[in-house]
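Here the structure comes first, spelled out in structure tokens, and everything after it is commentary.
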Amino acid sequence: MANLQPVRGTRDIHPDERQRHRFIEETARNVAARYGYTEISTPIFEFSEVFKRTLGDTSDIVTKEMYTFEDKGGDEITLRPEGTAGVARMLISGGLAQDLPLKYFYRGPMFRYERPQKGRFRQFHQTGIELLGVPEPLGDVEVIALGASVLNELGLLSKTTLELNTLGNAESRNSYREKLIAYFNDFRSDLSEDSQDRLERNPLRILDSKDKQDQNIVANAPEFSESLDGESKEFFAAVTEGLDVLSIAYRLNSRLVRGLDYYCHTAFEFTTWELGTQGTVLAGGRYDGLVGQMGGTSTAGVGWAAGIERLAMLAEDIPEEVRPIAIIPVVPELQDKSLEIAQDLRSRGFTIEFGYRGNMSRRLKRANKLNAIASVIIGPDELERGAATVRNLDSGDQQEVSLEVLADHLKQFS
Ligand code: ATP
Ligand code: MG
């Protein structure tokens, strides 16, 4: 017999949870729309090169986490581990450079081969935004403000801290890199195997290590701020000033580096203390080098992505699915008439459950199980008078209502 378990790290999303996800996605989309960001979607798989070139050879994603396969035509394909690379690819292949600046919102599944645990899956969902073609610090401010607005709208801003750092421009990063290599070299043999490898290729990523021993060593590493040049400092000052103007609180965290190689200047994460080690719910930064690195015209970019599953675990006030109204024929002969009424109400926008079988009491039971808010009971005597009985299933109150005004009467339940 075939293995009928879902693949490790993947999950079925049942109606209740899907409703939570949808509410979060829609909230994010609505807020993004208010900032002028419009929704796009890119394919969930791309040529592997798209990710390899952009995420960098040293990122965890490229070295360990990608779902890569050869398709039947012999092309090397990767299921997208994140959204930004695909958007950058779209900018280039779609020839959109003359339309800059561009403001995009996206949502959808992402795939990473990681060790599954609470808040960490192999197929998970993100919603994100990208602002392309805005090299000014005002872009960073807007993007962070949009993230804060989404969290605020979800009632989660007070459960998170905005952590903020700057990775400066390329010169600053190079000089910091030298200092880090010199520092970590002294502890080389104490570093985790991963970090020893990073030391050669991208020492900045050691700062991001989740290994305990690495973290002890990182604690005394040189600070990035000491390596920032004038331009980098000025840029960051403009970002923090903008956040101050908007009264968006942040905590400077000089150890915050984004996991991906293409980031520069602003890096930020909204983290929560309520989800254990998987505490980052929304993270992003500036990636001016990305599009150029992919082979397009150098284009500024800044954006973020939020983990839907993590937001869903945190969010409390998510509205429930609309409660249906049940249409219940008292006798089988009234099935057709009931069906007509159901259809009419649906066309007017009501959410209607119409049982498939059973007597009245069985159908009422089913209506309760479906959390119906009311039932419309269609009986022969009432129908004779051109009416039906409407029962409020929460209070049990019921009354006869003329079919002519039935729709109006039912409005109280929506
Ligand atoms: P982490 O440090 O938790 O691994 P990351 O730096 O790899 O996160 P990003 O690439 O910045 O994460 O992705 C943005 C957001 O997507 C994360 O903050 C998180 O909320 C969510 N996310 C990332 N990986 C996963 C995963 N495997 N399962 C569920 N959500 C995830
Ligand atoms: Mg990760």
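The values are calculated or read from the model by the stated rules, or taken from the named source; none is laboratory data. The model shown is predicted, which means the values in this text are computed figures rather than measured ones. Cβ placement follows ideal geometry from the backbone for every residue including glycine, while neighbour counts extend to all protein chains displayed.
Spot the failing condition for V302; the list is (1) in a strand (DSSP E or B); (2) under 30 Å from H409 (Cα atoms); (3) of a type in the set (A, V, I, L, M), and only one is missed.
Unmet condition: (2).
Among the residues of region 306-330 satisfying the criterion of being β-branched (V, I, T) and more than 18 Å from Q398 (Cβ to Cβ), which is farthest from the chain's Cα centre (by Cα)?
To start, the set of residues in region 306-330 that are β-branched (V, I, T) comprises 308, 318, 322, 325, 327-328, 330.
Checking the rest, the ones that are also more than 18 Å from Q398 (Cβ to Cβ) come to 308, 318, 322.
Values: I308: 4, I318: 15, V322: 23 Å.
The qualifying residue farthest from the chain's Cα centre (by Cα) is V322.
Of the numbered conditions (1) touching a residue at least 12 places away in the same chain (Cβ under 8 Å); (2) surrounded by 14 or more Cβ atoms within 10 Å (Cβ to Cβ), T38 satisfies every one except a single condition; which is it?
(2)
Any residue that is of a type in the set (K, R), touching a residue at least 24 places away in the same chain (Cβ under 8 Å) and within 19 Å of E130 (Cβ to Cβ) - is there at least one of those in region 86-98?
yes
Given the residues V218, V239, which is the only one that is outside the structural domain of L164 (by TED's automatic domain parsing) and on the phi < 0 side of the Ramachandran plot?
Details: V239 fails: outside the structural domain of L164 (by TED's automatic domain parsing).
One residue alone meets the criteria, V218.
Identify, from the list G147, G139, G108, the residue that is within 13 Å of ligand 1 (Cβ to nearest atom), part of a helix (DSSP H, G or I) and not hydrophobic (A, V, I, L, M, F, W, C). Working first, answer last.
Values: G139 fails: within 13 Å of ligand 1 (Cβ to nearest atom); G108 fails: part of a helix (DSSP H, G or I).
Going through G147, G139, G108 in turn, the sole match is G147.
Can you name the residue in region 118-136 that is of a type in the set (D, E, K, R) and within 9 Å of ligand 1 (Cβ to nearest atom) and, of all such residues, is modelled with the highest pLDDT? Working first, answer last.
Within region 118-136, the first condition is being of a type in the set (D, E, K, R), and the residues that meet it are 118, 120, 122, 130, 136.
Retained after the next criterion (residues that are within 9 Å of ligand 1 (Cβ to nearest atom)): 120, 122.
On the way: R120: 94, R122: 97.
The residue in question is R122.
Regarding region 44-51, can at least one residue be identified that is of a type in the set (V, I, T) and either within 16 Å of ligand 2 (Cβ to nearest atom) or at pLDDT 95 or above (or both)?
Yes, region 44-51 contains a residue that is of a type in the set (V, I, T) and either within 16 Å of ligand 2 (Cβ to nearest atom) or at pLDDT 95 or above (or both).
All but one of (1) under 25 Å from the mean Cα position of the chain (by Cα); (2) part of a helix (DSSP H, G or I); (3) of a type in the set (V, I, T) hold for T127; state the number of the condition that does not hold.
Result: T127 fails condition (2) only.
Give region 19-61 a look and list any residue that's of a type in the set (A, V, I, L, M, F, W, C) and within 14 Å of ligand 1 (Cβ to nearest atom), or say none. Walk me through it before giving the result.
Keep residues of region 19-61 that are of a type in the set (A, V, I, L, M, F, W, C), which gives 23-24, 28, 31-33, 40, 44-45, 47, 50-51, 55, 61.
I24, A28, F51, L55, I61, listed by residue number.
Just checking, which of G108, G86, G74, G133 is assigned by TED's automatic domain parsing to the domain that holds L275, more than 16 Å from ligand 2 (Cβ to nearest atom), closer than 25 Å to E49 by Cβ and surrounded by fewer than 16 Cβ atoms within 10 Å (Cβ to Cβ)?
Numbers: G108 fails: surrounded by fewer than 16 Cβ atoms within 10 Å (Cβ to Cβ); G86 fails: surrounded by fewer than 16 Cβ atoms within 10 Å (Cβ to Cβ); G133 fails: surrounded by fewer than 16 Cβ atoms within 10 Å (Cβ to Cβ).
Step by step, each of G108, G86, G74, G133 is checked, and only G74 is assigned by TED's automatic domain parsing to the domain that holds L275, more than 16 Å from ligand 2 (Cβ to nearest atom), closer than 25 Å to E49 by Cβ and surrounded by fewer than 16 Cβ atoms within 10 Å (Cβ to Cβ).
For region 74-105, enumerate the residues that are assigned to a strand (DSSP E or B) and out of contact with any Phe, Trp or Tyr (no Cβ under 7 Å at 6 or more places or on another chain).
L102
For the list (1) of a type in the set (K, R); (2) at pLDDT 95 or above; (3) loosely packed, with under 14 Cβ neighbours inside 10 Å; (4) within 16 Å of ligand 2 (Cβ to nearest atom), I need the number of the one condition that K64 fails.
That leaves (2) as the condition not met.
What pairs come up if the first residue lies in region 118-144 and is on the phi < 0 side of the Ramachandran plot, the second is part of a helix (DSSP H, G or I) and within 16 Å of ligand 2 (Cβ to nearest atom), and their beta carbons are under 6 Å apart, counting only those six or more places apart or on different chains?
From region 118-144, the pairs are F124/E309; H125/I308.
Tally time: how many residues in region 151-166 are in contact with a strand residue (DSSP E or B) (Cβ under 6 Å, 6 or more places away or on another chain) and outside any helix (DSSP H, G or I)?
Qualifying residue count for the region: 7.
Among (1) at pLDDT 95 or above; (2) in a loop (DSSP other than H, G, I, E, B); (3) surrounded by fewer than 16 Cβ atoms within 10 Å (Cβ to Cβ), where does G9 come up short?
Evaluating G9 over (1) at pLDDT 95 or above; (2) in a loop (DSSP other than H, G, I, E, B); (3) surrounded by fewer than 16 Cβ atoms within 10 Å (Cβ to Cβ) leaves (3) as the failure.
Between R177, R188, which is more than 16 Å from ligand 1 (Cβ to nearest atom), closer than 22 Å to V62 by Cα and without any contact (Cβ under 8 Å) to a residue 40 or more places away in the chain? Steps first, answer last, please.
Values: R188 fails: closer than 22 Å to V62 by Cα.
Answer to the check: R177.
Is there any pair linking a residue in region 392-414 that is within 13 Å of I341 (Cβ to Cβ) to one that is of a type in the set (D, E, K, R) and modelled with pLDDT of 95 or more, with Cβ under 7 Å and at least six apart or on different chains, and which?
Short answer, once both residue conditions are applied: A407/R348.
Output the residues belonging to region 170-201 that are surrounded by fewer than 18 Cβ atoms within 10 Å (Cβ to Cβ) and assigned to a loop (DSSP other than H, G, I, E, B).
Answer for region 170-201, where residues must be surrounded by fewer than 18 Cβ atoms within 10 Å (Cβ to Cβ) and assigned to a loop (DSSP other than H, G, I, E, B): D186, S192.
Suppose the filter is within 16 Å of ligand 1 (Cβ to nearest atom), surrounded by fewer than 20 Cβ atoms within 10 Å (Cβ to Cβ) and without any contact (Cβ under 8 Å) to a residue 40 or more places away in the chain; does R115 pass it?
Values: within 16 Å of ligand 1 (Cβ to nearest atom): yes; surrounded by fewer than 20 Cβ atoms within 10 Å (Cβ to Cβ): yes; without any contact (Cβ under 8 Å) to a residue 40 or more places away in the chain: yes.
Yes: the conditions hold for R115.
Please go through region 282-313 and give me each residue that is in contact with a helix residue (DSSP H, G or I) (Cβ under 6 Å, 6 or more places away or on another chain) and either without any contact (Cβ under 8 Å) to a residue 24 or more places away in the chain or more than 23 Å from F236 (Cβ to Cβ) (or both), ordered by number.
Hits for region 282-313 are M294, G296, T297, S298, I308, L311, A312.
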